[in-house]
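The values are calculated or read from the model by the stated rules, or taken from the named source; none is laboratory data. Computed from a predicted model, the values in this text were never measured in an experiment. Please note: Cβ atoms are built from the backbone with ideal geometry, for glycine as well, and neighbour counts cover all protein chains shown. Accessible surface areas use protein heavy atoms only, side chains included; no ligands, DNA or RNA. Shrake-Rupley method; radii C 1.70, N 1.55, O 1.52, S 1.80 Å.
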Amino acid sequence: MAVRIVLGTQWGDEGKGKIVDLLSANADIVARYQGGANAGHSIVINGSKIILHLIPSGILHDQTLCVIGNGVVVDPQALFEEIESLAANGITTDGRLLISDRAHLIMPYHQAMDAAKEQTYKIGTTGRGIGPAYVDKANRTGVRMVDLLNDDVLVKKIRDNVDEKNLILKNIYNQPTLNADHIIDKYREYARKLQPYIIDTSFYLHKAIQSNKQILIEGAQGTLLDMDFGTYPFVTSSNPISGGACVGLGISPMVIDEVIGIIKAYTTRVGSGPFPTEENYEMGELLRKLGNEFGATTGRPRRCGWFDLVVARHAIRLSGIQKLAITKLDVLDSLEEISICTAYKCGNKRIEDFPADVTILEQCEPEYTTMPGWKTSTREARTFEDLPKNAQKYLQTIEKMTGTRASIISVGEDRNQTIVRDA
Ligand code: GDP
Ligand code: IMO
Ligand code: MG
């Protein structure tokens, strides 16, 4: 398969980092198409963990070239911190990282606006300035990578934006204002350091696709955080679904060969917003403890609950997912019983399709089917047949009820704790 998209099907943190790293062994190029440093993608190799926020999760394989596409919002400070931390681990990004000239930059006023807005309207964002950066993009006032190459444009854009944002910060949010000169100095320095990475990545990918290169496209966040199809307004400000990859990389839908959905064997969510299968008491606590469910970017405890087929079917339909990578199966190893939500009950209505209205969603009660657990460790399993029968049945139920194939099954955080059936 030449061009494959790997994306999140739930509320993020499904294990995209682990699976993208695994599949990168055969990739020439790994590309990100949306989001920014709100993402936290963990990769564990022989017990040591690396968390990537902006750089694609293929960087740990020497042969890959990594692309940050036009749809990503790039915080230069976070990017350089990541480049340095990779270098400290012996991984070089020199000549292996390209950034789209059309990608927008995160500016200090975006982080200030993100924090200020959270005080009045709490989405529970990661505080990385993501929403305000995409607002500027849509408002046609954003600073793009290409602007770093033109000092006059850069200076004017920063001054105009700082003037506007300072009015809002001071008068609406009663927050301290920012100094344009400091920001200009800082971004001139970034311009000097970023210059070697900036190119027209859409054109680069076009040529790579023509020469049949193996391209892996890495989603950030997940379907239920999608700005259009997630639990709006409790979403991120980009489109993690597969359609976002075409826009966020400047590639045609005709070149996509395969879409792989990453799905946890249960469900988690960080931040505010509806979560029908959330377990608020002991079971939620237990899943959090067993799955070590704390955010890779903010360290916040993740909300935990059961696997949700309404969510899975929504994600599969929206992105045209053909294969699933089911992760964290091992987290369920010790449970007596495991529940799967098959539909929602809302008043006297049974809902099988994910509703648009969060006020309806909040009233929905999950309808569960319960399966016996397997009470055996799956962490050493390397083939489907190695798995206990009840674990096989659990996976087969998900396959049957979603009409997709569990092509990859992850049974531990480490790269090698994986069952690859047909990826
Ligand atoms: P991402 O944002 O989708 O890349 O996921 P995160 O890295 O934020 O969160 C997934 C967490 O689960 C990380 O700590 C991973 O190391 C861990 N993880 C991934 N797959 C598995 C698995 O199969 N079993 C267990 N126990 N942990 C896993
Ligand atoms: P990865 O790629 C989980 C959530 C935030 C918040 C909402 C909006 O690691 O799966 P934002 O900062 O984007 O404006 O926050 O989206 N969120 C994530 N949750 N995983 C992520 O990324 C997330 N990125 C954003 O918690 O609810
Ligand atoms: Mg994450």
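Shape analysis of segment 263-420 yields a ratio of the Cα radius of gyration to the Kirkwood radius, Rg/Rh, of 0.95.
Per residue, the solvent-accessible area of segment 263-420 (1.4 Å probe, heavy atoms of protein chains only, all protein chains present) comes to 44 Å². Stretching the chain fully between residue 383 and residue 91 yields a gain of 102.0 nm (0.36 nm per residue, less the alpha carbon separation). For the peptides 332-341, 240-249, residues were scored by their other Cβ atoms within 10 Å and the scores averaged per peptide; the highest-first order is 240-249, 332-341. Centre-to-centre, using Cα atoms only, segment 352-423 and segment 71-133 are separated by 32 Å. Look at the dipole of segment 104-194 built from charges on Cβ: of 142, 175, 155, the Cα furthest out on the positive end belongs to 142. Rounded to the nearest 20 debye, the dipole size of the chain about its Cα centre is 300 debye, using +1 on the Cβ of Lys and Arg and -1 on the Cβ of Asp and Glu.
The calculated FRET efficiency for the pair residue 203 and residue 342, based on their C-beta separation and a Förster distance of 45 Å, comes to about 0.45. Along the axis of the charge dipole computed for the chain (Cβ charges of +1 for Lys and Arg, -1 for Asp and Glu, origin at the Cα centre), the listed residues 29, 319, 98 are led at the positive end by 319. Stretching the chain fully between residue 258 and residue 118 yields a gain of 46.7 nm (0.36 nm per residue, less the alpha carbon separation). Shape descriptor for the chain: Rg over Rh equals 0.97 (Cα atoms; Rh from the Kirkwood inverse mean 1/r).
For segment 104-194, the alpha-carbon radius of gyration amounts to 1.06 times the rule-of-thumb value 2.2 N^0.38 Å expected for a compact globular protein. At full extension, residue 282 and residue 163 could sit 37.8 nm farther apart than now, given 0.36 nm per residue minus the alpha carbon distance. Measuring nothing but protein heavy atoms, the accessible surface of segment 1-142 at 1.4 Å probe radius is 50 percent carbon and sulfur. Largest GNM mean-square fluctuation among 68, 183, 408, using the chain with Cα springs under 10 Å: 183. Can you tell me the orientation of helix 151-171 relative to the chain, as the angle in degrees between its alpha-carbon axis and the longest Cα principal axis, to the nearest 10? Roughly 70 degrees between the two axes. Beyond 21 Å, what share of the Cα-Cα pairs of segment 205-326 remains, rounded to the nearest whole percent? Tail of P(r) above 21 Å: 45 percent of Cα pairs.
Dividing the helix sum by the residues of the chain, where each DSSP H run of 4 or more adds -39500 (n - 2.57), gives a mean residue ellipticity at 222 nm of -10000 deg cm²/dmol.
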